[in-house]
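The values are calculated or read from the model by the stated rules, or taken from the named source; none is laboratory data. The model shown is predicted, which means the values in this text are computed figures rather than measured ones. Neighbour counts run over all protein chains shown; Cβ positions are idealised from the backbone, glycine included.
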Amino acid sequence: MRNLVKSEFRKAFSTKLLWILTLSALGFVLLSVVLGVYLTPGPPGAEDVNALLVPAAVTNIFSSAGSASIFVIILGIIAMSGEYRNQTITSTFLATPRRQSVIFAKVITYTIIAFVIAVIMWIAVVVVASILLTTVEHAPVEWNAVFEILGGTILGLVLYAILGVAIGALITNQVAAVVITLVWIFVVEALLTVFVDWLGKWLPGGALNSILQATNTSGFGGTEALNVPAAALLLIAYTLVFASAAVFSTNRKDIT
């Protein structure tokens, strides 16, 4: 397994994709921080009120670190589906006949990479948000919550990376896997949250938002969001289901 993981790290760092996605994630996260500081709207009917006077709104700015999850899940998808796209999967499985070992090696590799990315995103958000917040009136920063968000960011990005690997194993066509995932995140899940609003907190994105403390007591049909431990268990359950399905389907798949 150690050699497999080393091989996966070599693959990950042999192309520019990892750096491109990481820098794109950083840019997206920092843009979210800027928008959160300067364009957070006030409550309905009082849009001119400074929303940042509410502590939860300030905390939500720091939860922007978790928005890198989109890029991490894509990274995981490409890591697995790229084997099929580049037609290296046959030689990979010939070298490692136990196919689940290949998936486990990718999971370990991208868990470590996602951990590092999560820490980088959180540090960047804390530094930039702390600087920008000095330019506006705001509620005191609840640093306990900010450090809790660090844990949520790490857990969320790691699980999304594993989900990406699993999706890439289940949907081996790389373009289809990426498109279907993005459509789910930005269209299907968003629409379900709006039109079947009570369902939102039970979906992967809703669970991630709860882990990041980006969702408080609204947005889910008037019901409270899941607490952090429950949301973490839910997202872990989703990850285990997809990972198990990926191992099962890969072991039974005709590769040639």
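Table for the structure above
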item	result
Checking Ala214 against (1) closer than 20 Å to Tyr110 by Cα; (2) modelled with pLDDT under 95, the condition it does not meet	(1)
Criterion: within 16 Å of the chain's Cα centre (by Cα) and either part of a helix (DSSP H, G or I) or free of Cβ contacts under 8 Å to residues at least 40 places away in the same chain (or both) - qualifying residue of Trp198, Trp184	Trp184
Failed criterion for Thr59 (all others in (1) among the polar types (S, T, N, Q); (2) surrounded by fewer than 20 Cβ atoms within 10 Å (Cβ to Cβ); (3) under 20 Å from Phe28 (Cβ atoms) hold)	(2)
In segment 76-101, the residues that are surrounded by 23 or more Cβ atoms within 10 Å (Cβ to Cβ), among the β-branched types (Val, Ile, Thr) and either farther than 13 Å from Ala169 by Cα or modelled with pLDDT under 90 (or both)	none
Residue tally, condition surrounded by fewer than 19 Cβ atoms within 10 Å (Cβ to Cβ), part of a helix (DSSP H, G or I) and without any contact (Cβ under 8 Å) to a residue 60 or more places away in the chain, over segment 227-253	9
Qualifying residue in segment 90-97 (condition: more than 29 Å from Leu155 (Cβ to Cβ), in contact with a helix residue (DSSP H, G or I) (Cβ under 7 Å, 6 or more places away or on another chain) and of a type in the set (Phe, Trp, Tyr))	yes
Residue match in segment 174-185 (condition: more than 30 Å from Gln87 (Cα to Cα), hydrophobic (A, V, I, L, M, F, W, C) and modelled with pLDDT of 90 or more)	no
Filter result for Thr256 (surrounded by fewer than 22 Cβ atoms within 10 Å (Cβ to Cβ), of a type in the set (S, T, N, Q), out of contact with any Phe, Trp or Tyr (no Cβ under 8 Å at 6 or more places or on another chain) and at pLDDT 95 or above)	no
Odd one out for Pro140 among (1) in a helix (DSSP H, G or I); (2) loosely packed, with under 13 Cβ neighbours inside 10 Å; (3) at pLDDT 90 or above	(1)
The listed residue being over 24 Å from Ser81 (Cβ atoms), buried (at least 19 other Cβ atoms within 10 Å of the Cβ) and in contact (Cβ under 8 Å) with a residue 12 or more places away in the chain, out of Ala118, Ala129, Ala161	Ala129
